[in-house]
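Colleague: Below you'll find the structure I mean.
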Amino acid sequence: TSLHEPPHETAELFTFPQPRATGCPFDPPPAQRRPATRMALWDGAPCWMVTDYQDVRTVLSDRRFSADARIEGFPFFAPGRRAFIRDEPAFIRLDDPEHQRLRRMMTGDFLVKRVDQLRPRIQRIVDDALDAMIAKGAPADLVADFAFPIPSLVICELLGVPYEDHEFFQRQSRLVLDATAGAEQVKAAMDDFNAYMTELAASKKGEEDGIVARLASREDLTPGEVASNALLLLLAGHETTANMTSLSTLVLLRHPEQLAKLRAEPELVKGAVEELLRYLTIVHTGLPRVAVEDVELPGGAVVRAGEGVFAMIAAANRDEEMFGAGEELDITRDARRHLAFGFGVHQCLGQPLARVELQIALATLVRRLPGLRLAVPFEQVRFRTESLIYGLHELPLAW
Ligand code: HEM
């Protein structure tokens, strides 16, 4: 069949959540095992799903694809997604030069050398969380007791957001990332979240400590810009790393030979984190873009101006040519060319921080709890299939 036939297979591809393979909940949905495919979204809009590694890189790095959700044709795979976009969008949903103008205000905070200085503080936070979990006793829920507190505390300290508010911001984040939520639900959650950040930023105007205070004190940002960009950092700063931590732990427990290797050689942790990022690719619903000109992708598909595209990084990260035996987890492989943090100008701003948090959290967990094991049958573990960020609802563990 031609790649360029009219939209088809809508129901299978863009109902959400896409069913994963029966058997392995770590593998991307089988629906993504096909070359670039044109289809229709729930609202009838024409849209592409792009899965090939080179095609995905092109969509994410070629300026003829826009990340601006206000442009006609930008794809929303569910009604609630449109409600997520603010009037003054965060820079993840803007193109250059506006994107660059805003991103540049925060790049210094997330540089590798800056984040390296946080290592002792992060180690302390990890040890404290683990001490508390051990004191409570097994079984414990790794998600609530370890995976969420660590990145939440770290991003709160960087931003200057009070950690006492974590229940509120964790709940709002979960609500706005729920792909099955209706437009009204997402809008209400987003409005509350935005009101919270607007108020916090206003109270910090003129102060110097923390990123929120610094942004709020700038003359060249509106209160709306401060709120949406600070919210992006708060949300992206904890949800992603938290879910990577719990999923990574589970996947290692399911691959005892890999876990044993990591225990025997703790210095493997850096490479292990890259491989886990590749293998799990938690931003599993793909990265949305809209073509602003006609573009021919390396694989031959021609995307027309005004058509939406989802760059499926999870599928691209299993590319056999690029990674060889891509379906297998191998913590000793060189996985550095993975696309789990995206690619191009929007490539994850927080990746140095995410890496350090994951390295310290996993190394510490493995070192301090040699008897770590699942406290329920694997079949009972609940996966967050409904969320834009894949992960676990709970992970009951014993040791
Ligand atoms: C962007 C993944 C952790 C902040 C992105 C993108 C991906 C991603 C795929 C690209 C989105 C796109 O192109 O549409 C992840 C993963 C993480 C993680 C897998 C953890 C394992 C973090 C952390 C922060 C953060 C800890 C902390 C602040 C951001 C920001 C952007 C972004 C601000 C937007 C960058 C831009 O548009 O220029 N992330 N992220 N992320 N991430 Fe992360």
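Colleague: Only one of 213, 189 is surrounded by 15 or more Cβ atoms within 10 Å (Cβ to Cβ), more than 26 Å from residue 108 (Cα to Cα) and hydrophobic (A, V, I, L, M, F, W, C). Can you tell me which? Even if it seems obvious, please write down each step before you answer.
Modeller: Working: 213 fails: more than 26 Å from residue 108 (Cα to Cα).
Sole residue among the options that is surrounded by 15 or more Cβ atoms within 10 Å (Cβ to Cβ), more than 26 Å from residue 108 (Cα to Cα) and hydrophobic (A, V, I, L, M, F, W, C): 189.
Colleague: Checking the structure you have, find out if any residue of region 298-309 is part of a loop (DSSP other than H, G, I, E, B), surrounded by 23 or more Cβ atoms within 10 Å (Cβ to Cβ) and in contact (Cβ under 8 Å) with a residue 24 or more places away in the chain.
Modeller: So far as region 298-309 goes, no, none of its residues is part of a loop (DSSP other than H, G, I, E, B), surrounded by 23 or more Cβ atoms within 10 Å (Cβ to Cβ) and in contact (Cβ under 8 Å) with a residue 24 or more places away in the chain.
Colleague: On to the next question. Do the conditions hold for residue 161, that is, is it in contact with a helix residue (DSSP H, G or I) (Cβ under 9 Å, 6 or more places away or on another chain), in a helix (DSSP H, G or I) and crowded, with 18+ Cβ neighbours inside 10 Å?
Modeller: When the stated conditions are applied, residue 161 does not pass them.
Colleague: Among the residues of region 19-41, count how many are part of a loop (DSSP other than H, G, I, E, B), in contact with a Pro (Cβ under 7 Å, 6 or more places away or on another chain) and free of Cβ contacts under 8 Å to residues at least 60 places away in the same chain.
Modeller: Start the filter on region 19-41 by keeping residues that are part of a loop (DSSP other than H, G, I, E, B), which leaves 19-29, 33-36, 41.
Restricting the remaining residues to those that are in contact with a Pro (Cβ under 7 Å, 6 or more places away or on another chain) gives 19-21, 29, 41.
Among the residues that remain, those that are also free of Cβ contacts under 8 Å to residues at least 60 places away in the same chain are: 19, 21, 29.
Here the count works out to 3.
Colleague: Is it true that some residue in region 194-207 is closer than 21 Å to residue 118 by Cβ, surrounded by fewer than 16 Cβ atoms within 10 Å (Cβ to Cβ) and in contact with a helix residue (DSSP H, G or I) (Cβ under 7 Å, 6 or more places away or on another chain)?
Modeller: Yes: one or more hits.
Colleague: Given the criterion over 30 Å from residue 145 (Cα atoms), crowded, with 18+ Cβ neighbours inside 10 Å and touching a residue at least 12 places away in the same chain (Cβ under 8 Å), identify the matching residue among 335, 316.
Modeller: 316
Colleague: Related question: State whether the residues of region 126-139 include one that is within 15 Å of the ligand (Cβ to nearest atom) and buried (at least 19 other Cβ atoms within 10 Å of the Cβ). Spell out how you get there, then give the answer.
Modeller: Applying the first criterion (within 15 Å of the ligand (Cβ to nearest atom)) to region 126-139 yields 126.
Still in the running and buried (at least 19 other Cβ atoms within 10 Å of the Cβ): 126.
There is at least one residue in region 126-139 that is within 15 Å of the ligand (Cβ to nearest atom) and buried (at least 19 other Cβ atoms within 10 Å of the Cβ).
Colleague: Out of 82, 86, I need the residue that is touching a residue at least 40 places away in the same chain (Cβ under 8 Å), over 23 Å from residue 212 (Cβ atoms) and basic (Lys, Arg). Which one? Explain how you work it out, then say what you get.
Modeller: Details: 86 fails: over 23 Å from residue 212 (Cβ atoms).
Of 82, 86, the one residue that is touching a residue at least 40 places away in the same chain (Cβ under 8 Å), over 23 Å from residue 212 (Cβ atoms) and basic (Lys, Arg) is 82.
Colleague: Next question. If the requirement is being assigned to a helix (DSSP H, G or I) and either within 13 Å of the ligand (Cβ to nearest atom) or under 14 Å from the mean Cα position of the chain (by Cα) (or both), which of these qualifies: 315, 361? So that I can check it myself, show each step before the final result.
Modeller: On the way: 315 fails: either within 13 Å of the ligand (Cβ to nearest atom) or under 14 Å from the mean Cα position of the chain (by Cα) (or both).
Sole residue among the options that is assigned to a helix (DSSP H, G or I) and either within 13 Å of the ligand (Cβ to nearest atom) or under 14 Å from the mean Cα position of the chain (by Cα) (or both): 361.
Colleague: Return only the number of the condition from (1) surrounded by 23 or more Cβ atoms within 10 Å (Cβ to Cβ); (2) at pLDDT below 95; (3) of a type outside the set (A, V, I, L, M, F, W, C); (4) in contact with a Gly (Cβ under 9 Å, 6 or more places away or on another chain) that residue 289 does not satisfy.
Modeller: Unmet for residue 289, out of (1) surrounded by 23 or more Cβ atoms within 10 Å (Cβ to Cβ); (2) at pLDDT below 95; (3) of a type outside the set (A, V, I, L, M, F, W, C); (4) in contact with a Gly (Cβ under 9 Å, 6 or more places away or on another chain): (2).
Colleague: Let me ask something else about it. Restricting attention to region 113-139, and to residues there that are of a type in the set (Gly, Ala, Ser) and part of a helix (DSSP H, G or I), which single residue is nearest to residue 399 (Cα to Cα)?
Modeller: This residue is 135.
Colleague: All but one of (1) more than 13 Å from the ligand (Cβ to nearest atom); (2) assigned to a helix (DSSP H, G or I); (3) free of Cβ contacts under 8 Å to residues at least 40 places away in the same chain hold for residue 70; which doesn't?
Modeller: Just one mismatch for residue 70, condition (2).
Colleague: Hey, among 267, 321, 275, which residue is of a type in the set (D, E, K, R) and closer than 22 Å to residue 239 by Cβ?
Modeller: Answer to the check: 275.
Colleague: Look at residue 143 and say whether it is of a type outside the set (S, T, N, Q), buried (at least 22 other Cβ atoms within 10 Å of the Cβ), modelled with pLDDT of 95 or more and farther than 20 Å from residue 389 by Cα.
Modeller: no
Colleague: Something else: Would you point out which residue out of 121, 82, 93 is surrounded by fewer than 19 Cβ atoms within 10 Å (Cβ to Cβ) and modelled with pLDDT of 95 or more?
Modeller: On the way: 82 fails: modelled with pLDDT of 95 or more; 93 fails: surrounded by fewer than 19 Cβ atoms within 10 Å (Cβ to Cβ).
One residue alone meets the criteria, 121.
Colleague: Checking the conditions here, which among 63, 93, 104 is without any contact (Cβ under 8 Å) to a residue 60 or more places away in the chain, over 23 Å from residue 177 (Cα atoms) and within 11 Å of the ligand (Cβ to nearest atom)?
Modeller: Just one listed residue meets the conditions, 104.
Colleague: Here's a check for you: in region 333-352, which residue that is touching a Lys or Arg at 6+ places or on another chain (Cβ under 9 Å) and assigned to a helix (DSSP H, G or I) is nearest to the ligand (Cβ to nearest atom)?
Modeller: Filtering first and then ranking leaves 346.
The values are calculated or read from the model by the stated rules, or taken from the named source; none is laboratory data. Keep in mind that this is a model prediction, so the values were computed, not measured. Here Cβ is always computed from backbone atoms with ideal geometry, including for glycine, and neighbour counts include all displayed protein chains.
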